1. Specify the residue that is nearest to residue 55 (Cα to Cα); the eligible residues are those in the range 71-96 that are in a helix (DSSP H, G or I) and among the charged types (D, E, K, R).
2. Taking the residues in the range 164-181 that are loosely packed, with under 14 Cβ neighbours inside 10 Å, among the aliphatic types (A, V, I, L, M) and under 25 Å from residue 45 (Cβ atoms) as candidates, determine which candidate is modelled with the highest pLDDT.
3. When you go through (1) modelled with pLDDT under 90; (2) within 20 Å of residue 6 (Cβ to Cβ); (3) touching a Cys at 6+ places or on another chain (Cβ under 9 Å) one by one for residue 83, which number turns out not to apply?
4. Can you pull out every residue in the range 106-163 that is polar (S, T, N, Q), loosely packed, with under 15 Cβ neighbours inside 10 Å and at pLDDT below 85?
5. Here is a list: 11, 45, 5, 75. Which entry is of a type outside the set (Asp, Glu), at pLDDT below 95 and touching a Gly at 6+ places or on another chain (Cβ under 7 Å)?
6. Among the candidates 68, 107, single out the residue that is without any contact (Cβ under 8 Å) to a residue 12 or more places away in the chain, assigned to a helix (DSSP H, G or I), within 26 Å of residue 164 (Cα to Cα) and more than 13 Å from the chain's Cα centre (by Cα).
7. State which residue is modelled with the lowest pLDDT when the search covers only the range 14-42 and only residues that are outside any helix (DSSP H, G or I) and not aromatic (Phe, Trp, Tyr).
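The values are calculated or read from the model by the stated rules, or taken from the named source; none is laboratory data. Keep in mind that this is a model prediction, so the values were computed, not measured. As a convention, Cβ positions derive from the backbone with ideal geometry for all residues, glycine included, and neighbour counts pool all protein chains shown.
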Amino acid sequence: MSYLYLEQGKYKEAQAMLEQVVSINKRHFQPNHPRIGHVSLPLAYAYMYLGEFKKSSDLFKEIDKIYTHTFGQLYPRRFHVLVGQGRLCYLSGDYAQAELLLQKAYTSQKEKQSCDCYRCLEYLGDLYRAKGMPQEAIRFYQEALNRIYGCFPKNSAHIRRICKLLYFVKNAKKEALVPCY
């Protein structure tokens with residue numbers, strides 16, 4: 001249910017539910033158990049979407065520590081942590097750190113033909129658009145579209161959002177500069 005709330009933009013409802021899930025798991029597992037990382041990841045995103053950047057940042061760091069301690073640097077779920085941290089830096093205005101984290105996440109997934117990578121590519125497009133680099137933004141938005149065609153229905157909100165961003169960048173529309181999740 002909490003994932004549905006996140007997808008619908010009902011972040012407060014998702015947060016409340018996810019905090020309960022994390023609390024229950026912390027009572028049943030050791031503090032650095034991977035299950036804690038898995039259930040905490042959506043909560044870190046909920047905090048970010050609610051503008052609670054400090055809580056989100058702290059939780060992303062905790063999750064990353066759990067994953068690297070348990071599985072090492074190459075653990076595939078670290079990709080989602082890097083993307084979240086990169087998006088958080090972007091929203092906080094730290095474009096240099098955002099670029100570093102998002103590029104690191106992208107590089108780790110570039111060769112895989114997974115749909116997961118589209119969000120990272122979209123965020124890189126947002127970053128380059130904000131930095132005034134429209135050609136780079138277009139390249140990443142286009143790659144994001146290429147990744148998700150076939151993964152989502154053609155008229156899905158994911159595809160429509162990226163198409164809209166691509167249109168705004170190609171037509172130099174400034175109103176597209178608002179953050180979109």
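1. From the range 71-96, those in a helix (DSSP H, G or I) are 71, 78-92, 95-96; that's our starting set.
Cutting the leftovers down to among the charged types (D, E, K, R) gives us 78, 87.
Values: 78: 18, 87: 14 Å.
Among those residues, the one meeting the criterion is 87.
2. Checking each candidate, the answer is 177.
3. (1)
4. 113, 114, 155, 156
5. 45
6. One residue alone meets the criteria, 107.
7. Of the range 14-42, the ones outside any helix (DSSP H, G or I) are 29-33.
When the remaining residues are screened for being not aromatic (Phe, Trp, Tyr), the result is 30-33.
Working: 30: 91, 31: 85, 32: 88, 33: 93.
It comes out as 31.
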